[in-house]
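Data first, discussion second: the structure below is written as C-alpha cells.
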Amino acid sequence: MFERYSDDPNTLGRINYLKNLSAAGWDEVDFIVTFHHEHYTHHFEDGKNKGDDEFINKPLPYYGILATIFGNSVATGQFVRTSQEQFSVDMCDNSHKDGMTPNESGTSSGNKPSKRAKKDDSVVDGLVRAIDRGTETLASLAEVIKEVVAAKTTPEGLFEEVDNLPGFELEHKSKYFAYLVANPDIARAFIKLPLLYKISWISTFLNQN
C-alpha cells in the first residue's frame, strides 16, 4: 500500500484536507479520518470526492511515513496540484536552481554561477583540505612507526661485537648477547662503546647474574 503512495505528495495533502474538515474526526494513534454516516453520505454526493473512500473510516498506516517524507511541503484539499501543474512548477524551479533565467526574447541565460555550484565548490575545497590534513597525519604516523620499530630492533653487527670479545667463554658471550637482544636500548649503547668499556659491561653483567 505504501509503495502506491510513496512518491505522491498529493496523497498526504488530501488526507490532511479531509482530517481538517469541521465534520471530520482524527485518530492520531491509528491515523483514521472518521466521518459519521450522515457526513460520509453527504461528502460523496459530490462526484469530485469519489476517490476519498480510500482515506475515510479506515486506518492509514502509511500516513506517518508520508508526513515524514513530505512534511509541510504539500498543499491540502482543493489546493493540491494536478500532475501537469506539478510538472510545470518543477521545471520552473529547476531552471532557477541551475542559474537559468528567461530573458525577454524567451531564451535563457546561464552565465552566472548558481548558488548550488558555489556550495558544491565549497564542499570540494573542504574535502581537499581534509584529505591534505589526513595525508600529513599519515606521514607523521609513518615516521613514528619507523622510530618505534627502530627502537625495538637490535643494531647491525651486534653478534659479531659480542662474539669477538676476548677472554670470555662461549656460554658467557651467549648469555650476554641474549640479554642485549632483549634490551635493544642497551644494545645500541653497547655497540658504540670502545673495546675496554664493552669488556667492563659484560664482566659486570656476568658478576651480577
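Laboratory data are not the source of any read-out in this text; all were calculated from the coordinates shown. Small disclaimer: the values here were computed from a predicted structure and weren't measured. Cβ placement follows ideal geometry from the backbone for every residue including glycine, while neighbour counts extend to all protein chains displayed.
Listed from fewest to most Cβ neighbours within 10 Å, the set V128, V162 follows the order V128, V162. The GluC sites (Glu not before Pro) of the stretch 9-70 meeting both criteria, a DSSP state outside H, G, I, E and B (loop) and at most 16 other C-beta atoms within 10 angstrom of the site's C-beta, are E28, E45. Shown for the stretch 158-208 is the translational diffusion coefficient from the Stokes-Einstein equation, using the Kirkwood radius over Cα pairs, a temperature of 10 °C and a viscosity of 1.306 mPa s: 148 µm²/s.
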